[in-house]
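In what follows, a single structure is set out as structure tokens and then discussed.
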Amino acid sequence: MHRIILFYITFILIGICPKLQAQNMANIKGIIKNKEGQTLYGVHILNTANSQTTTSDKEGAFQIYSEAGKEITLEFSHIAYLTFKKEFSLKSGQTIVFNPTLIENRQNLDEVNIAAQIKLHNKGIYLQTKEIDKIASAGGESIENLLKTLPGVSSNNELSSQYSVRGGNFDENLVYINDIEVYRPNLVRSSQQEGLSVINPDLVSSVLFSPGGFEAKYGDKLSSVLDIKYKTPRHFEASADMSLLGTSAHIANASKNGKLSYLAGFRYKTTRYLLTSLDTEGDYNPNYKDFQALVNYSFNEKWSLHLWANLSKNEYGFKPKDRETNFGTISDALQLKMYFDGQEKDEFISDMEALTLKYQPNSTNLFQLITNRYSTTEKERFDIQAQYYLQDLFVSQGGDKDQTLENLGIGTYLDHANNKLEREVNSIKLKADHSFDKLHLQWGIKALHEKVDDRINEWQYRDSAGYSIPASGSDTGLAYSRQALNSISGTHLSTYTQANYNFSNHTGDFQLTAGLRYHHWTYSNTSFLSPRFSLNFVPNWERKMKFRLAVGNYQQMPSYRECLKIDGSISSKLNTQEAWHYTLAHEYLFKIKERDFRLSSELYYKDLKSLIPYDIENVRLRYYGDQKAKGYAAGLEFRLNWEYVPDTESWISLSLMKTREDILGDNQGYIARPSDQRFNFSMFFQDYMPGNPTYKMHLTLIYAGGLPVWVPKLGKQGQSFNMPDYKRADLGFSKELLDTKKIKYKGLLKHFKSMWIGLEIFNLFDINNTVSYLWINDIRGNQYAIPNYLTARKLNLKLSAKF
């Protein structure tokens, strides 16, 4: 019922939005840029008539209200730019759009210091998203596709939006949308089930990513933080996209007085077309739907209210028929043939609502009260029987590939699952920002209550050549079984405080950031403190450089899945994971033939004081909740950014990393962690045809080392080997069909801002990439690892229009 009510409220607000107007007030709004067209953050705007002030946000946008019927003067000032003044005469209910361009103050600051002021506050990586809809990706349009090309980020699965950072796993990454933490599903075991990322790229205004050493204001996870801000609409906009992988649309608008605005987006995705390229043939029926809406209302220049709602439904149906996989080497060519009965039906439904009340009494203080509710129901059901034939191919002896020398294994297995997980999270958070000249103080306090109910019922039966293979130490006759009925309920209490202090001397510009977090979980009755510190330094050198040092403690209370043992029961020994991050970063800005380049490098070491061991299969993490480990991750990263064509960013990334762990009590010493990827090279390149920028090209290239795999019989007590390297290239071409900047169209076309058509080539070189293994036994008890391959080369057509 609450979902229906929420939909009605949202659509009513959207419907009345254009009709609302203030009676006795007027306002001025716009976007502030410099001569190069870059939006300017932190510009101080003063109304000299009444001393009212505000500052521009990260998009360069500002809005200031004033009493109608008066002559006013606005003063725009910034430390790196000349002060600018403009007079206005306002009428009742009037909205004036004014977009000033500020000029650099070269008399007081040289070029190095100007660049320093712009870059100094960046403690992470800001990503451009304006061309993201044109980037070719088998996983569909998403912010995570760009993340996977950054140094330190790893994902050997093009169908998944999950990623690991610097030796961590998927559960160690924080994701925020408008200061609201979002969550990933629990039961998803394969990328085919996963569906849509929670981030809708049509609604995004800014993306900040930090792969480590992030600030205390962010939460308690071990690896990274992704900070997403959605747009605040100031005028009407809309878009619609269609392709063989689905469709999406969004709409945004604001009232004439700018007090009320809305942003809404709908997405539908199906990967049926891609999944037909997998080795297993059958009837795939994946359907993923998502609706998001953001409604903003400003009562006055001090108070505002923001409602965000997200509803998603992912359904995955699958009736396998048969499978044929060739693997091995030329001298040892093998083939697996399988025939299936049964089906799989999964359903993942989630909804999230968040209400934010903002109070900004002046330009130096901001308070936010955020309430949030998240609910999910995940069902996973399958009964699939498979008969398999493992054959030694005659082609290894130079014969025909359709002939066989020997049947190595003939058998049957039956997989069953009937799992259901329900999770509800309710939270309330108060956070504040205070500016005192060179000091910026932030603090916050949060209470979060979480309840999880989980029914686990899954098993596998195997037989080979007429006899069953029981699980070791079990008399059930099953090769694998997990049966449990679990429930967890507890409250998380957390608070943080952090200060940023900026100062300059004859050597350069400095920014010190120090913070402290506290976290308590009532379920395990455990608490911890996490201090974090960073220093940014931009020297007064002729060459533009920046240095950053960060040291911090990061601890992670165990999530529900981290509490589980391999058999599915909740461990009585809950372990809080802990790591110390040590990072040293350097940036060098330079020009080559009038093009701007930026070379970034970072050296890091993560001292993993406490860990929960886990296994990974496809995108499923299975924790050893009753065990504890220690470890480390060390690496070196490089990233070269440049604009090959104006206002279009490209980059090359290289990551070198090693991570190992020592499971306490197993007497094995240090072994590789499941995320031990020694190297990762990626490239994101954008270009357009010389003399005709309506033709564009986007290339994404990834070459990464293979991840370690352990033989199932002995687990991490046995030997391991590495998957083959992950190699993939996706290429996209697009052609602008309408050029509204040069041509004024009539009729229906006058309503379009742009329209383009695109051709995407997924897996350009048609490489078989391995995502996991299917383990088969022969009659002699030998185990064979049959690779499960990802998608083959496919073409996709896409049509996009903006209004």
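Rounded to the nearest 10 degrees, what's the angle between the helix 2-16 long axis and the longest principal axis of the chain, both from Cα atoms, 0 to 90? Helix 2-16 and the main axis of the chain meet at about 30 degrees.
Please work out the FRET efficiency for the pair Gln719 and Tyr588, using the Cβ-Cβ distance as r and a Förster radius of 35 Å; give the result to the nearest 0.05.
About 0.20, to the nearest 0.05.
The phi-based Karplus calculation (6.51 cos²θ - 1.76 cosθ + 1.60; θ = phi - 60°) puts the 3J(HN,Hα) values of region 376-384 at 9, 10, 10, 10, 10, 9, 7, 9, 10 Hz, whole numbers, x for Gly and Pro. Each label was represented as a point 7 Å from its Cα along the Cα-to-Cβ direction; for Leu759 and Lys321 these points are 3.0 nm apart. Highest mean packing first, where packing is the average number of other Cβ atoms within 10 Å per residue, the peptides 131-143, 84-96 line up as 131-143, 84-96. Taking chymotrypsin sites (Phe, Trp or Tyr not before Pro) across region 226-263, the ones in a DSSP loop with at most 11 further Cβ atoms lying within 10 angstrom of their Cβ are Phe236. Of interest is the spacing of the C-alpha centroids, which for region 493-523 and region 55-97 amounts to 32 Å. For the pair Lys658 and Asp687 in one chain, pulling the backbone fully straight at 0.36 nm per residue adds 7.0 nm over the alpha carbon distance.
Bear in mind that the values in this text are calculations on the coordinates, not laboratory data. All figures in this text were calculated on a predicted structure; none of them were measured in a lab. When we count neighbours, we look across all protein chains shown, and the Cβ atoms used for this are built from the backbone with ideal geometry, even at glycine.
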